[in-house]
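Encoded as structure tokens, the structure appears first; notes follow it.
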Amino acid sequence: MAGLAGQNCDQPSGDNPRTVTIRANHPHHQLDGSQLTLRRPIYNERTFSQKYPPQQKSSKSAKDKLRGTFSSDKWNLQTLKNFFYGIVPIAYWLPRYQIKSDLFEDCLAGLTVGVLRIPHGMAHAVLATLPPVYGLYTNIFPQLIYAVFGTSRHVSIGTMAVISIMVGDAVEKAYQNIYGDEIKMNHPPEDEETERARIASTLALMVGLIQFLMCLLRVGIITNYLPEPLVRGFTTGAACHVFSSQFNHLFGIELDRYTGPFSLIKTYKPFLLNLGLTNPTTLLISFSTLLILIFVKEFQDCIRDRFKWQLPVEMLVVVLGTLFSHLFNFEDKKVAVVGQIPNGIPTPYIPSFTYASTLLPDAIILSIVSYALVISLSNIFAKKHKYEVDANQELFAFGTAHILSSAFYCYPTTSSLSRTLVRDIAGGKTMLAGATSTLLVLLVILFIGRFLSPLPACCLAAIIVVALRGMFRQLTDIKKLWKYSKIDMTIWVVTFVFTVLMGLDIGLAIGIGYSIFTVVLRSQWPQSCMLGQFGETGLYGDMKMFPDAKRIPGIKIFRIQSPLFFANAAYLKKALVLPSPLSTVVQPAEQNQTKEHSRNIDNLHRYTSLESTVSHNAANDVMLNHVIAHDSNHHSVESAIGDSNDRSDGCLLRTLIVDMSGVSFVDTVALNTLESIAQDYLAANAKVYLAECRSNVKHMLFTSGLVKSIDLEHIFLSVHDAVLHSQSMRVTNQAKSLDPEHPLTIEEFEVADSAC
């Protein structure tokens with residue numbers, strides 16, 4: 001059995017505080033023979049700060065901070081080198097590159113991804129309303145620049161379907177805004193393709209400048225406002241737009257491109273009306289390509305864990321499509337083809353800001369979405385391979401890539417999930433894999449680009465549609481989220497529905513707004529519970545969740561797990577409201593006073609025996625057993641406080657303990673509410689204690705001056721400290737009230753306690 005140890009029951013402050021003895025020597029808990037003995041006072045904030053005074057933070061003036069920032073001691077040679085390595089990470093890892101162990105796998109992964117970049121780039125450029133060659137440009141320059149400044153070793157930077165269609169919408173709106181009147185008068189610009197490419201490159205420049213500004217402001221944390229359910233719901237909704245935009249290529253039907261709200265519905269109506277104009281040859285090529293791609297892709301998914309090398313089926317489709325188009329002259333059968341692809345890289349130029357005012361809203365959205373996709377994918381693979389990704393450096397790398405690549409007619413980019421997965425499976429370890437893949441695309445542009453001009457456009461459309469499989473599989477998220485978090489499920493559904501109906505930009509804005517709204521709702525009705533004690537331990541849990549957690553007579557323990565501020569202050573007040581006082585409890589009849597007095601003297605000894613035991617096993621699990629005998633016959637002349645649960649144990653509520661461990665901050669409205677609650681309980685002859693307050697919460701409590709009914713002696717380091725203090729104060733008060741003519745002194749009370 002646990003060894004008994006008495007404890008002093010003095011007042012909560014002073015040189016001789018009450019103590020609790022904890023010993024771990026119970027035979028049933030002694031799993032590994034280890035023992036733990038703890039003896040300490042019951043601490044409130046006053047006694048704890050007196051014994052262990054905190055160190056005051058020194059406040060420096062702005063002049064001192066500036067002097068310290070540019071001091072010679074701080075900016076030594078090593079500091080400058082670390083700063084340079086942080087800005088240009090390739091300068092650190094490239095000299096340490098392991099050629100023998102890493103070069104072969106990086107080259108293999110680069111070649112594998114490179115053969116995917118060629119068809120993906122051409123297909124995604126069509127989504128962006130640009131000629132296919134601009135997709136190849138976009139798959140070269142941003143990746144090379146990112147390899148110099150980026151911190152993620154695995155992400156494949158380049159074109160992506162979702163970003164491409166967002167770029168296409170922005171380019172279409174800007175083009176119609178600038179040249180709409182001339183188009184209506186049948187006087188379009190002489191070189192429409194070049195003009196669209198210039199609009200797209202201007203958009204890339206603006207996206208890069210916005211991301212660079214985000215880096216300077218250190219706002220990489222902005223992606224925290226794009227939770228995973230929102231991003232996945234948005235990308236799935238965008239996939240619906242991408243899928244629908246390829247119908248004209250798959251069926252060989254000329255359709256107008258629509259943007260804005262309900263653009264998807266506007267697309268389907270003319271498509272269904274013109275379905276009879278389908279080109280049979282185009283349809284045959286499309287479905288043949290789809291069957292080949294789906295069959296090979298599904299087969300590769302089944303053997304992905306066994307083979308690193310992936311069959312470049314997309315490149316195979318491009319080669320076969322080009323070959324058959326040469327042999328059977330598809331262009332004469334009115335099958336749309338890619339057209340002329342110029343050899344070589346474009347001549348650099350400085351993008352103009354002529355379209356800036358029109359493109360600014362889309363540039364802001366694209367800068368956030370593209371960065372969110374990059375950082376989320378980077379973190380996934382960084383966690384898998386155990387290295388760190390610097391969020392703000394990623395902003396710098398990505399912004400720089402957009403700014404510099406815009407001079408080569410590149411449009412905004414992001415990371416590709418499919419190519420990143422292939423790169424990881426193929427064993428790519430460093431950014432040289434990405435550089436190798438871009439060199440392969442560059443070779444295609446320089447030497448064999450012109451041979452791809454007969455490629456049927458429907459082959460590229462089929463590649464895009466099959467690549468959307470992963471996004472459409474995200475529809476299964478609804479079932480998973482419904483099981484784990486219904487609020488997250490509604491974020492997914494709301495973002496998806498409005499993205500499909502209202503367009504990508506409006507849908508994303510509504511998704512973000514709804515996501516923030518759910519945060520407000522969760523904080524306005526935060527999680528809270530009443531705590532009970534587990535048996536005779538010092539452990540506490542939610543009484544609704546744990547049936548074994550029992551209410552402590554005379555004490556209500558309330559836990560709130562949310563910041564306290566203006567939105568949920570009313571909830572806190574309602575949760576802790578006092579009901580109307582009931583009739584006072586009448587003292588026993590005069591003839592029973594002597595008998596009651598003797599019984600209370602006996603119960604006094606049982607009250608003052610306080611012991612806690614702790615067992616510590618090999619897994620460092622700790623159980624706190626608190627042994628205390630309660631007086632169920634105690635009566636006093638005071639108002640009944642609390643709800644029916646407060647009186648179900650036959651003991652009136654005397655103490656409210658608020659567990660503040662889950663409160664990260666408070667504001668002035670919440671402080672006023674706490675003061676009001678404390679005043680209400682004080683008027684009802686009950687006390688309010690706070691437990692486990694964080695330092696910033698305590699700072700607000702006492703520097704604001706708004707809470708006057710809760711001082712340092714009413715704030716405890718733990719819930720158990722507050723419970724023991726409340727119980728011992730009740731015993732002390734009862735001992736003094738047993739004999740009104742000769743109340744027990746503190747010394748007599750301690751003697752009675754030690755005698756037990």
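The values are calculated or read from the model by the stated rules, or taken from the named source; none is laboratory data. For clarity, every value in this text was computed on a predicted model and none was experimentally measured. Please note: Cβ atoms are built from the backbone with ideal geometry, for glycine as well, and neighbour counts cover all protein chains shown. All accessible areas refer to the heavy atoms of the entire protein, side chains included, with ligands and DNA or RNA removed. Shrake-Rupley method; radii C 1.70, N 1.55, O 1.52, S 1.80 Å.
Ligands, DNA and RNA left out, the 1.4 Å accessible surface of the stretch 226-373 is 68% carbon and sulfur atoms. Normalised per residue, the accessible area of the stretch 456-583 is 49 Å², obtained with a 1.4 Å probe and no contribution from ligands, DNA or RNA. The label point for residue 473 and the one for residue 271, both projected 7 Å from the Cα toward the Cβ, are 2.3 nm apart. Taking all protein chains together and a 1.4 Å probe, the residues 543, 729 rank 543, 729 from largest to smallest accessible area. To the nearest 10, the accessible area of residue 80 is 90 Å² with a 1.4 Å probe. The convex hull around the C-alpha trace of the stretch 224-295, projected and averaged over every direction, spans 6.5 square nanometres.
Amide H contacts for residue 688 (H built 1.01 Å from N in the peptide plane; partners 5 or more residues away or on another chain; cut-off under 5 Å): 656. A 1.4 Å probe, protein heavy atoms only, puts the accessible area of residue 559 near 60 Å². The stretch 357-432 and the stretch 96-174 have their alpha-carbon centroids 10 Å apart. Could you tell me which of the pairs 550/708; 486/708; 266/334; 297/480 are separated by over 29 angstrom between their Cα atoms in the structure shown? Over 29 Å apart, Cα to Cα: 550/708; 486/708. Placing one identical point scatterer on every Cα of the stretch 248-407 and ignoring solvent, what is log10 I(q)/I(0) from the Debye formula at q = 0.12, 0.17, 0.18 Å⁻¹? Summing over Cα pairs of the stretch 248-407 leads to -1.05, -1.24, -1.20. The stretch 439-518 and the stretch 665-684 have Cα centres separated by 50 Å. Accessible surface comparison of 331, 105, 172, probe 1.4 Å, protein chains only, largest first: the order is 331, 105, 172.
Extension gain for residue 669 to residue 509 (0.36 nm times residue separation, less C-alpha to C-alpha distance): 54.6 nm.
Using a simple spin-label model with pseudo-atoms 7 Å out from Cα toward Cβ, residue 228 and residue 82 lie 3.3 nm apart. In the stretch 71-150, Cα pairs under 8 Å separated by at least six residues give a relative contact order of 30 percent. Split the accessible area of the stretch 393-493 by element, probe 1.4 Å, and carbon with sulfur accounts for 75%. Between residue 101 and residue 446, what length in nm is gained on full extension when 0.36 nm per residue of separation is reduced by their alpha carbon distance? Result for the pair: 121.1 nm of gain on full extension. Per-residue 3J(HN,Hα) values for the stretch 228-244, derived from phi via the Karplus relation 6.51 cos²θ - 1.76 cosθ + 1.60 with θ = phi - 60°, read 4, x, 5, 5, 5, x, 5, 5, 5, x, 5, 4, 5, 5, 4, 4, 5 Hz in sequence order (x marks Gly and Pro). Starting from the alpha-carbon convex hull of the stretch 381-490, give the projected area averaged over all orientations, in nm². One quarter of the hull surface, i.e. the mean projection, equals 10.6 nm². Heavy-atom accessible surface of the stretch 298-452, averaged per residue, reaches 47 Å², computed with a 1.4 Å probe.
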